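None of the figures in this text is laboratory data; all of them are computed from the coordinates on show. No experiment lies behind these values; they were computed from the predicted model shown. Cβ atoms come from the backbone with ideal geometry, glycine included; neighbour counts cover every protein chain shown.
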Amino acid sequence: MSTTTHHDVVIVGGGNAGLSLAGRLHRDGARDVVVVEPEDVHHYRPMLSYVAGGQASLTQLRRPQDEVTPDGVGRVRGRVVRVDADRRLVHLESGGTLHYNDLALCPGSSVDWDAVPGSADAVATGHAATSYLPDSAVRTWEMLAGLTAGRAVFVMDDRHVPCAPVALKPLFLALAHWRATGVREAIDVELLVAGPRLVDLARADSVLHDAAIAQGVRVRYGVVVSGVEAAGRTLTLRDADPTGTASTTNHAPVPYDALYLAPPHRAPDWIATSGLAVEPDGSDGGGPDAGFLLVDPGTLQHPDHPRIWGLGDVAALDALPSGARCASRSRWWRRTSPRAVGARPTSPTTATRSPRWSPGRATSCSPSSTGRARSSRPCPSWTWSAPVR
């Protein structure tokens, strides 16, 4: 028999964005906040790239989910299957429902293997890996550290990849390892970047680009990996279209002996089936934001359902998803949401007059171009090691 419980604020997702928001809301006086999270083990995902670079272990970034949920915040162990925005209900896989006054959607995103045909097969071998999955992050460093000759290819896609520049961490750390072990000259290194730059900040982009070139990395911008031939260990490429789709201009196949992927991601399917997603625009692939949560980029509210808010990787925002921006959005939300200050619920009219959020220059866990361990430590504000209470 299904049951319905009511809560002032329901937060879907117990990752960086959800936990940061929950802690801040409770600290500011909200007394009925629950986080919906199905997994019992929390992974501090910004640190996965350090695992992929041989600087950390999975044990260091894992904690029981109940331990990292802030004191005073409830946790619902369940998986969301649908949101009924008109009735303000969150439907769970178990059959239960949660009624809310305000709903913050922070479920994150997941690797979209279908976007790059053959990539899943490649990662199942010992010659390709990604830092976006815990077990594969471990295999990334095993693959890179074990390479003594051949070609290493690093791929940075830009299709809703959470903090795509994390690919630079295992790249520079691998370069340092290969130099230290005397095999650097026997390894060709290529970096394939879908966008026109490595990072959005011009000064940092220039420093990182110059560092890569100085260390003998061939950097190619504006190219998308359109397929992987796992058995033959080759990549097919095509030019990236500035509109976010891929053109049909093909390049010569690129062979590899070790392949690192920062792959495209997708939002949970229930975002679209609940009528909350950006609609496909009819182009090949449906447009870069199709399927992700539609929000006003200035208020983080859904334009048709102002009691629904979006934070983290699931939100369709013109800003690079990262842990630091999750934190900045959660600070903004708790200042402006009426649930945080005990005000009356927001109406669509008053919502249009709410303060505007700006991504600013938020950044976290910047990549080291030196390979020095002391330059590659996790952020000092590792949120869940001392959760906001």
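Tell me the label-point distance for the pair Ser94, Asp8, using the 7 Å Cα-to-Cβ offset, in nm and rounded to one decimal.
With each label point 7 Å from Cα toward Cβ, the separation is 2.3 nm.
Pulled fully out, how much extra length does the chain show between Asp121 and Arg179, if you take 0.36 nm times their separation in residues and subtract their Cα-Cα distance?
On the way: separation 58, 0.36 × 58 = 20.88 nm, distance 3.03 nm.
Length gained between Asp121 and Arg179: 17.9 nm.
Please list 3J(HN,Hα) in residue order for segment 169-174, calculated via the Karplus relation 6.51 cos²θ - 1.76 cosθ + 1.60 where θ = phi - 60°; whole Hz, with x for glycine and proline.
Ordered by residue, 3J(HN,Hα) equals 5, x, 4, 5, 5, 5 Hz.
Based only on other Cβ atoms within 10 Å, what is the fewest-to-most ordering of Val199, Val73?
On the way: Val199 22, Val73 26.
If I rank by nearby Cβ atoms, fewest first, I get Val199, Val73.
Considering every pair of different Cα atoms, what Kirkwood radius, in Å, is found for segment 112-263? Spell out each step's value before the answer.
On the way: mean 1/r = 0.0648 Å⁻¹.
After inverting the mean inverse Cα-Cα distance, the result is 15.4 Å.
For a quick check: sort Cys106, Cys163 by the number of other beta carbons within 10 angstrom, fewest at the front.
Ascending Cβ contact count within 10 Å gives the list Cys163, Cys106.
Starting from the 7 Å offset along Cα-to-Cβ, what nm value, one decimal, do you get for the label separation of Thr273 and Asp66?
Inter-label distance under the simple model: 3.0 nm.
Name the long-range amide H neighbours of Asp296: under 5 Å, sequence gap of 5 or more, or other chain; modelled H, no Pro or chain starts.
For Asp296, the qualifying residues are Gln301, His302.
Using Cα centres only, tell me the gap between segment 77-108 and segment 1-54 in whole Å.
14
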